[in-house]
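Trainee: Provided herewith is a single structure, encoded as structure tokens, for subsequent inquiry.
The values are calculated or read from the model by the stated rules, or taken from the named source; none is laboratory data. For clarity, every value in this text was computed on a predicted model and none was experimentally measured. Don't worry about glycine lacking a Cβ; one is built from the backbone with ideal geometry, like all the others, and counts go over all protein chains shown. Ligands, DNA and RNA are stripped out before the accessible areas are found, and what is left, the full protein with its side chains, is counted by its heavy atoms. Shrake-Rupley method; radii C 1.70, N 1.55, O 1.52, S 1.80 Å.
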Amino acid sequence: MEEIYIFGHKNPDTDSILSALVLEAIEKTMGIYKAKAYRLGEVNKETQYALDYFGVKAPELLEEVKAGQPVMLVDHNSFDQSVKGIEKAKVIRVIDHHKIANFETHEPLFYLGMPVGCTATILEEMSKVSGIKIDRITAGLMLSCIISDTLLLKSPTCTERDKIAAKKLAKIAGVDMDAYGLDLLKAGTDLSDLTPEQLINIDSKPFTINGVKYQVAQINTVSIEDVLKDKEAMEEAMKNFMQENKVDLFVLMITDILESNSQIIVLGKQEIAEKAFAIKLENNTAFLPGVVSRKKQIIPNIDGVL
Ligand code: MN
Ligand code: MN
């Protein structure tokens, strides 16, 4: 049987890498497909913390897929955010919790999309429906995804279903959710050895609407002030990125995961961001109290203006 590739989006976060591993485990139990998890980029420190904690190896890096390659997408659907060659691959499954955009297939597929905070929450429901028992390690990986995507159940993207799943998974994994969660999130805020280029790419996603290309990146921190020390260097990196990728607008969110606020740095068509968030940028930057979610508090506003 042909091997099927499972992967999340580029610039992978914890949900993208660990949900791919979880789906691999689920597929193995179901025994219909021979599927293997891959990643589309470097493993960040938060994800590495979870992998080490549960003693799991990171999936291999995937650079490109050949025409006709069967694939399963987790944590994304937009081809902009997917692997090189995706347009000609055969998408047989999508498990995702994002808006559907830039996505088209030539054949029918299994698409499971739910408006919840995390892909792992959907996988938890999927295994429940399929009667699959989740083991301790898989539960730990799933819990890590939920903690990461919902900032320990505090993000406005977090739903009742995520909370119920997280509680259940923490029990199976045998961890104290709050203690483990804080350690996990904090591991991701160690930015000490990253270059400005790496900083703006830790968690960066492209979007296109009505011909306007924009990029929204997010950096999690416990001190916005600390990250802002590199503001000029990051702006330089953002400018270079915009030139190379012909991007019209770049919004960088620096998110305080403890206080649940974000500082944004905006370059390019700044008037769009000013209108979207009803703010006046000063020195390319503004403070957005209570804003932590790109998906719910940034993208819809920008799309609304565009
Ligand atoms: Mn993600
Ligand atoms: Mn996700």
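Trainee: Residues being in a loop (DSSP other than H, G, I, E, B), crowded, with 16+ Cβ neighbours inside 10 Å and of a type in the set (G, A, S): count how many of those fall in segment 46-84.
Mentor: The total comes to 3.
Trainee: Out of everything in segment 91-130 that is of a type in the set (G, A, S), surrounded by 13 or more Cβ atoms within 10 Å (Cβ to Cβ) and touching a residue at least 40 places away in the same chain (Cβ under 8 Å), what residue ends up being nearest to S16 (Cα to Cα)?
Mentor: Taking segment 91-130 and keeping what is of a type in the set (G, A, S), we get 101, 113, 117, 120, 127, 130.
With surrounded by 13 or more Cβ atoms within 10 Å (Cβ to Cβ) added as a condition, the list becomes 101, 113, 117, 120, 127.
After this cut, where a residue has to be touching a residue at least 40 places away in the same chain (Cβ under 8 Å) as well, the list is 101, 117, 120, 127.
Working: A101: 18, G117: 13, A120: 9, S127: 18 Å.
The extreme case among them is A120.
Trainee: Looking only at segment 6-58, how many residues end up being more than 16 Å from ligand 2 (Cβ to nearest atom) and not hydroxyl-bearing (S, T, Y)?
Mentor: The first filter runs over segment 6-58 and keeps only residues more than 16 Å from ligand 2 (Cβ to nearest atom), leaving 24-36, 38, 42, 45, 48-49, 51-58.
Checking the rest, the ones that are also not hydroxyl-bearing (S, T, Y) come to 24-28, 30-32, 34-36, 42, 45, 48, 51-52, 54-58.
Counting residues in segment 6-58 that are more than 16 Å from ligand 2 (Cβ to nearest atom) and not hydroxyl-bearing (S, T, Y) gives 21.
Trainee: Looking at I200, I209, I137, which one is away from ligand 2 (no atom under 16 Å from the Cβ) and open to solvent by less than 20 Å² (accessible area, probe 1.4 Å)? Break it down into steps so the answer makes sense when it comes.
Mentor: Details: I209 fails: open to solvent by less than 20 Å² (accessible area, probe 1.4 Å); I137 fails: open to solvent by less than 20 Å² (accessible area, probe 1.4 Å).
Checking each option against the conditions leaves just I200.
Trainee: Using the structure shown, decide if I146 is touching a Leu at 6+ places or on another chain (Cβ under 8 Å), closer than 17 Å to S16 by Cα, outside the structural domain of N77 (by TED's automatic domain parsing) and not charged (D, E, K, R). Working first, answer last.
Mentor: Numbers: touching a Leu at 6+ places or on another chain (Cβ under 8 Å): yes; closer than 17 Å to S16 by Cα: yes; outside the structural domain of N77 (by TED's automatic domain parsing): no; not charged (D, E, K, R): yes.
No.
Trainee: Does segment 184-197 contain at least one residue that is open to solvent by 30 Å² or more (accessible area, probe 1.4 Å) and within 16 Å of ligand 1 (Cβ to nearest atom)?
Mentor: no
Trainee: Additional query: For D149, only one of the following conditions fails: (1) of a type outside the set (A, V, I, L, M); (2) assigned to a helix (DSSP H, G or I); (3) within 12 Å of ligand 2 (Cβ to nearest atom); (4) under 17 Å from A37 (Cβ atoms). What is its number?
Mentor: In the conditions (1) of a type outside the set (A, V, I, L, M); (2) assigned to a helix (DSSP H, G or I); (3) within 12 Å of ligand 2 (Cβ to nearest atom); (4) under 17 Å from A37 (Cβ atoms), D149 misses (4) alone.
Trainee: Oh, and also: Determine whether segment 189-200 contains at least one residue that is in contact with a strand residue (DSSP E or B) (Cβ under 7 Å, 6 or more places away or on another chain), in contact (Cβ under 8 Å) with a residue 40 or more places away in the chain and within 23 Å of T119 (Cβ to Cβ).
Mentor: There is at least one residue in segment 189-200 that is in contact with a strand residue (DSSP E or B) (Cβ under 7 Å, 6 or more places away or on another chain), in contact (Cβ under 8 Å) with a residue 40 or more places away in the chain and within 23 Å of T119 (Cβ to Cβ).
Table: residues versus (1) modelled with pLDDT under 95; (2) within 11 Å of ligand 1 (Cβ to nearest atom); (3) crowded, with 24+ Cβ neighbours inside 10 Å.
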| site | (1), (2), (3) |
| --- | --- |
| K10 | no, yes, no |
| D15 | no, yes, yes |
| M30 | yes, no, no |
| Y33 | yes, no, no |
| K36 | no, no, no |
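Trainee: If we scan segment 112-131, do we find a residue that is more than 16 Å from ligand 2 (Cβ to nearest atom), out of contact with any Phe, Trp or Tyr (no Cβ under 9 Å at 6 or more places or on another chain), part of a strand (DSSP E or B) and assigned by TED's automatic domain parsing to the domain that holds E27?
Mentor: Applying the first criterion (more than 16 Å from ligand 2 (Cβ to nearest atom)) to segment 112-131 yields 127-131.
Then keep just the ones that are out of contact with any Phe, Trp or Tyr (no Cβ under 9 Å at 6 or more places or on another chain); that gives 127-131.
Checking the rest, the ones that are also part of a strand (DSSP E or B) come to none.
No, that holds for no residue.
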